[in-house]
Structure formats: structure tokens, C-alpha cells
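Remarks on the structure that follows.
Read the figures in this text as sums done on the coordinates, not as results from a lab. Remember, predicted model here, so these are calculated numbers, not experimental data. All Cβ positions, glycine included, derive from the backbone under ideal geometry; neighbour counts span all protein chains shown.
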Amino acid sequence: MIPLWIDYFKSGENSDRLDDLLEDNQIVINNIILAELEPFLILKKQYKIIEMLHAIRLLPLQINWAEIIQWQANCLAAGANGIPDLLIAQNAKQHGCEIYSLDKHFRLLNQVVNDIKLLGCS
């Protein structure tokens with residue numbers, strides 16, 4: 001998930017797609033994503049970007065730890081892991097959202113956990 005935002009901030013090749021989604025109000029965020037992005041942005045004094053991120057609709061987190069534990073066990077058996085990615089995936093699933101990411105972990109996660117929807121994972 002984070003490489004997508006880094007690509008966007010650097011006006012990378014996928015920034016136009018994210019621009020379109022932002023303009024169409026199709027982007028949501030959660031506190032996990034903010035916790036991964038904001039410290040870096042604070043260090044870089046990118047306060048306008050932080051303000052922009054806080055203007056995006058925030059999904060509440062309702063963590064189902066039993067599901068996370070099962071997903072993590074499945075991921076470990078398949079050679080993949082990443083609790084933050086699992087929490088983001090579960091949050092998206094709970095709210096019926098697709099995950100738009102450039103992160104290979106979500107492609108791997110999608111092979112192990114069939115309940116998540118991916119958009120634009122390359």
C-alpha cells in the first residue's frame with residue numbers, strides 16, 4: 001500500500017490513476033496507513049500532504065483477531081507475512097472496499113486469502 005503513496009508523492013507512473021480515484025472520492029484510508037505514512041512526512045515537513053491525507057475518509061478499524069491469526073497462519077505456510085497488510089486487507093474486506101496497491105505483498109496475500117479484492121496491483 002505504501003509504495004503506491006510514495007509513487008504518488010513522487011508523481012510516478014501510477015499517480016494519474018490515484019489522482020482520478022481521489023478526484024472521484026473513491027479513496028479511503030485508515031489509521032494503519034496514516035501511521036505508516038505520517039512519520040516520514042513529518043520528518044520531511046510535508047504538512048500539506050498530511051493535511052490532504054486527513055481530508056480522505058477514514059475507515060474505522062474493527063480488528064477480528066481470530067481471522068487475522070488464521071490469515072497469518074495461512075500466509076506463513078505460503079511463505080508470506082505482514083500483520084499491517086493483513087489488518088489493511090481485513091479493514092477493506094469489512095467495508096467492501098478494493099485495495100489499490102503496488103505492493104507485491106498484497107498479490108501474495110490475495111493468493112492465500114480469497115476474501116480480499118485487489119484493484120490495479122501490478
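Per residue, the average separation of C-alpha pairs within less than 8 Å and at least 6 apart gives the range 1-63 a relative contact order of 34 percent. Of the residues 28, 112, the one with the fewest other Cβ atoms within 10 Å heads the list, and the complete ranking is 28, 112. Placing pseudo-labels 7 Å out from each Cα toward the beta carbon at residue 58 and residue 14 gives an inter-label distance of 2.5 nm. In terms of other Cβ atoms within 10 Å, 42, 32 run from fewest to most in the order 42, 32. From least to most packed, judged by other beta carbons within 10 angstrom and beginning with the fewest, 105, 95 follow the order 95, 105. Computed over the alpha-carbon atoms, the range 2-119 gives an Rg to Rh ratio of 0.97, Rh here being the Kirkwood radius from the mean inverse distance. Under 20 Å from a point 7 Å along the Cα-to-Cβ line of residue 78: which residues of the range 31-68 have their amide N that close? It comes to 64-68, nothing else. Taking 7 Å steps out from each Cα toward its Cβ at residue 66 and residue 98 produces label points 3.1 nm apart.
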